């Protein structure tokens, strides 16, 4: 008996198979490719050049688009796969700027729909470029704090979340860092989520904003960057650990004004008493002046202006020293008869106390925090509840400003699980 011949499929069947394979390939390429209108990435420079794009490279794309990226295996890695990236965001003045950050995705295969995303906002590390967490070149005190942040975010990666961490505008990248300008920091947090989706297609459209201290303020400000600004993304909630607030009221008090209610007066006094030196208020007022185009000589005294180079040289522990902002009272830092009314308006616009979040918020506060006193968060919780916000306020007995990161971690992770499942 002769061997059977292989069965030949009709030509149109073979053509249909080719067409189906072509369609599948095109879909895969579409899913893994950049969003519509994205500018192709350039090759990332080595070393410090990674943080220094040319002006035309910054202006070539929309906010939330990648400029370039590279995988890193040492430095600010917290598990899984980590990429350093440079992306476009919106500055405190509403202009397009380059911002740096890192994206960490868990090991293994993503769940259906992709890895849920947590955007992490770091607390104060300083305002000099070398203080950016992605540069891993901070002083000892900042290093201890960065280690506490890494423990929390590493746990989140282990739990199956992609964690994206911005450095904020001007921190690591060219230009001054607009310290505590919430609009800028909130945009940077939202835009790194967009950029991360361009970097990898394995991410869910659902995300949670989370941050500590300065980063808690930034996380709250992501509530202003939903809808059309982050089209296609779904902000499920905000976690704010010890966020500074009532900043407009503090500036008003420094300028000699008084707030309307006793609660606000107490909040002002407590904040002012913990910031009697210019360590925090000095950089805040300088950032507000630059954002509002107010000449610094109208705001800062000659003694204060001598310290301004420190903002581009020192990290937070060094700024606390007696030979720096930590050795100057706020009154001596300010120019004689400084008019703070205009600065107060800028700070007020960037104050978390002025927000009305439209997504669920959990506010976390340590009872022994002397950097951001509990009274400030008590008042912030009152303000949000008065505006009808979906708020959960959690106090952590005995926790200070840094230890709250570790002590609140189980509560935070449970809340985040509910935010994504809700």
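Bear in mind these aren't lab numbers, they're just calculated from the coordinates by the rules spelled out. Because the structure is predicted, anything quoted here is derived from the model rather than measured. Backbone-built Cβ (ideal geometry, glycine too); neighbour counts: all protein chains shown.
Placing R0 at 60 angstrom, the Cβ-Cβ distance between residue 339 and residue 107 gives a FRET efficiency of 0.60 after rounding to 0.05. Protection proxy ranking for 371-377, 53-59, 294-300, using the average of other Cβ atoms within 10 Å per residue and placing the highest first: 371-377, 294-300, 53-59.
Ordering 102-110, 302-310 by mean Cβ neighbour count within 10 Å, with the highest value first, yields 102-110, 302-310. Taking 7 Å steps out from each Cα toward its Cβ at residue 367 and residue 406 produces label points 2.0 nm apart.
Taken along the Cα-to-beta-carbon direction at a fixed 7 Å, the label points for residue 331 and residue 312 span 3.2 nm. Distance between the C-alpha centres of region 378-402 and region 152-194: 22 Å, rounded to the whole angstrom. Shape class for region 72-198: oblate, because the ratio a/c of the largest to smallest gyration tensor axis (alpha-carbon atoms, square roots of eigenvalues) is 1.5 or more and b/c is at least a/b.
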